[in-house]
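To start, the structure itself, in structure tokens.
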Amino acid sequence: MDGNAFWDARAQYYKDYNEINTLPPALTLGNMLNIYEAEHIVEVACSTGLFTVFCLCNLEKAKSFISVDVSGTMIKLAKERKHNQTGINREIAHEFAIGSATDLSFIKDESQDVYVSNMCIHMIPDKIRFLEEAKRVLKKGGKIGLTVPSEKDGLMDLFLTNLDRIGCKPNFKENPWSIGYKDVMVKLLQDNGFKVIYCWQDHFKLPYHDDEDIDFQLSHGDAKSFFASLTPEKKVEFRKNIISDFASMKQNFTPLQMKLISIVAVKEV
Ligand SMILES: C[S@@+](CC[C@H](N)C(=O)[O-])C[C@H]1O[C@@H](n2cnc3c(N)ncnc32)[C@H](O)[C@@H]1O
């Protein structure tokens, strides 16, 4: 399945179960980018449009906003959301575009004040090309803000530690945490013509409260692919261990969460 087909197939699930969890880091990124002061903004990997629509309702100084995603189904759901939303600031010239972060040729050189992309660059094989395009469309002095998952977040840690315990390995094509370190992100941006202003780690909380929420993740969510590949005996053992760890966390009043690294930088030249 190529990238678009993967995200097209996942779009409705993303809207129903994921987007609300990734909104807090997007809002923090927007704050740290001073997005409320910017006139020309591009959001890359807008998915089902929750952050886009928040911005369209709340930005007062923006003149244009471009929302890009590689998945046509994500963009279709985002358009529906915008259509159903009241309170949109119609002064902002807004467009949705189906396109890849690595080819934003429909956006003019040096036209944007802010480039924001929450939870995307870690999935892009050619990260240099991603940053070249961001740099091309940003004005000199324009700001970029990115967020990536950090190595072994709480939820994945629960799954991966327990996979290891039963002697199995995850079937990821690419390690989703390969750039989820502060020093790696700082160097990546510095090496590609940006001056880093802030880079920080955050945790966002996942609203998984009961064993049913864990079962849902095993059958529909992030653990679906590797859970499905286990033998029936391993499935039982794996689930039992996870449920027991989850119970211990709750006894300790600790919610499941995801760890991430965010970065804000300026285009230097
Ligand atoms: C984990 S979601 C994050 C979405 C959203 N920014 C958020 O924080 O909820 C990743 C999104 O990146 C999009 N995506 C994946 N590869 C992309 C690419 N090359 N260019 C643009 N978007 C891409 C997917 O379609 C999906 O909507």
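Taken together, the values in this text are just the output of simple stated rules run on the coordinates, not laboratory data. Remember, predicted model here, so these are calculated numbers, not experimental data. Cβ atoms come from the backbone with ideal geometry, glycine included; neighbour counts cover every protein chain shown.
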For the chain, what proportion of DSSP beta bridges, expressed in % and rounded to the nearest 5, is antiparallel? 50
Over the chain, the sum of -39500 (n - 2.57) across DSSP H runs of at least four, divided by residue number and rounded to 500 deg cm²/dmol, gives at 222 nm -13000 deg cm²/dmol
Would you work out the relative contact order for the range 122-269, in percent, from Cα pairs under 8 angstrom that are 6 or more residues apart? 46
I'd like to compare 82-95, 18-31: which one has the highest average count of other Cβ atoms within 10 Å, and what's the full order after that? 18-31, 82-95
Nearest 20 debye, what's the magnitude of the dipole of the chain about its Cα centre given +1 on Lys and Arg Cβ and -1 on Asp and Glu Cβ? 260
Restricting to Cα pairs under 8 Å and 6 or more apart, the percent relative contact order of the range 196-269 works out to 66
Given contacts defined as C-alpha pairs under 8 Å and at least six residues apart, what's the relative contact order of the chain, whole-number percent? 21
Let's test the formula: R0 of 30 Å, r as the Cβ-Cβ distance of Trp200 and Lys240. What FRET efficiency results, to the nearest 0.05? 0.25
Multiplying the sequence separation of Ser105 and Asn58 by 0.36 nm and subtracting their Cα-Cα distance, what value in nm do you get? 14.1 nm
Where a Cα-Cα gap under 27 Å defines reach, which lysines qualify for Lys195, not counting those fewer than 8 residues away within the same chain? Lys61, Lys63, Lys108, Lys127, Lys135, Lys139, Lys140, Lys143, Lys182, Lys187, Lys259, Lys267
